[in-house]
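The values are calculated or read from the model by the stated rules, or taken from the named source; none is laboratory data. Everything numeric here is computed off the predicted structure, so don't read it as measured data. Backbone-built Cβ (ideal geometry, glycine too); neighbour counts: all protein chains shown.
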């Protein structure tokens, strides 16, 4: 793991693979870390250079400053671009899940010339609603993430998967409890304000969308609405999969990802 100072804040990232290979940037979901991509790395690294990073206050990245104001999709996209620039890449492939997919939509809306392809999973032009996210942010500040992890983490995965692998839930509960509560709360508030409706069409970037039949946070209708915003981008809903397919189904996800990267 390495660290880059961006606007006075330390950001944790990994840059793996041969410098000559095309760069793939992977953005993780809210409450998780860049570790969600670990099981995809063996499939990607023979052909691609891979950049992953931790969102503000997540993993090993420094928390969002108390006096830093609102977190915006533009700020997160700027963070991604700073890491890409540090890697020396002019253009790159982007992959993002959930809030990571929101970062991808910001890149499509404002920086499409930098993108080779985009693969967005379990996300939406609008995710949930403002009341939902404002309520969660308030609860996080009041109760703390350790108290709420047992409620939130099970929603990330299909119930059948958790029955087979109960340690998956307990492990991510521990990780979520380590996340900075104020950074998480501000990211919740960002999601409540974010709406990419009418901002994504005609970008000239090959986009593929993935979702899961068991995803409670971004159900099929949310992905279908996003596909319509993206000029009818191809969408696949994976049977029996929840909100984080890179963890639940890494092999097939790696295959689909490589197909979009290669065109």
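Scan region 57-75 residue by residue and report those that are out of contact with any strand residue (DSSP E or B) (no Cβ under 7 Å at 6 or more places or on another chain), crowded, with 20+ Cβ neighbours inside 10 Å and under 20 Å from residue 172 (Cβ atoms). Answer for region 57-75, where residues must be out of contact with any strand residue (DSSP E or B) (no Cβ under 7 Å at 6 or more places or on another chain), crowded, with 20+ Cβ neighbours inside 10 Å and under 20 Å from residue 172 (Cβ atoms): 57, 58. Residue check: residue 90 meets all listed conditions (1) within 20 Å of residue 263 (Cα to Cα); (2) assigned to a helix (DSSP H, G or I); (3) in contact with a helix residue (DSSP H, G or I) (Cβ under 9 Å, 6 or more places away or on another chain); (4) without any contact (Cβ under 8 Å) to a residue 60 or more places away in the chain but one, namely (2). Looking across region 232-248, the residues that are surrounded by 13 or more Cβ atoms within 10 Å (Cβ to Cβ), outside any strand (DSSP E or B) and over 16 Å from the mean Cα position of the chain (by Cα) come down to 233, 240, 241.
Residues that are free of Cβ contacts under 8 Å to residues at least 12 places away in the same chain, more than 16 Å from the chain's Cα centre (by Cα) and in a helix (DSSP H, G or I) do occur in region 205-224, at least one of them. Report yes if residue 227 is outside any helix (DSSP H, G or I) and crowded, with 17+ Cβ neighbours inside 10 Å, otherwise no. So residue 227 does not fit the description; no.
With the structure loaded, tell me whether residue 116 is in contact (Cβ under 8 Å) with a residue 24 or more places away in the chain and assigned to a helix (DSSP H, G or I) or whether it fails that test. So residue 116 fails the test.
Scanning region 140-151 for residues that are surrounded by fewer than 18 Cβ atoms within 10 Å (Cβ to Cβ) and part of a helix (DSSP H, G or I) gives 141, 142, 143, 146, 147, 150, 151.
Filtered by the rule that a residue be in a strand (DSSP E or B) and more than 15 Å from the chain's Cα centre (by Cα), region 13-30 gives 14, 15, 16, 23.
Scanning region 31-52 for residues that are within 17 Å of the chain's Cα centre (by Cα) and assigned to a loop (DSSP other than H, G, I, E, B) gives 31, 32, 33. The single condition among (1) at pLDDT below 95; (2) in a helix (DSSP H, G or I) that residue 68 does not meet is (2).
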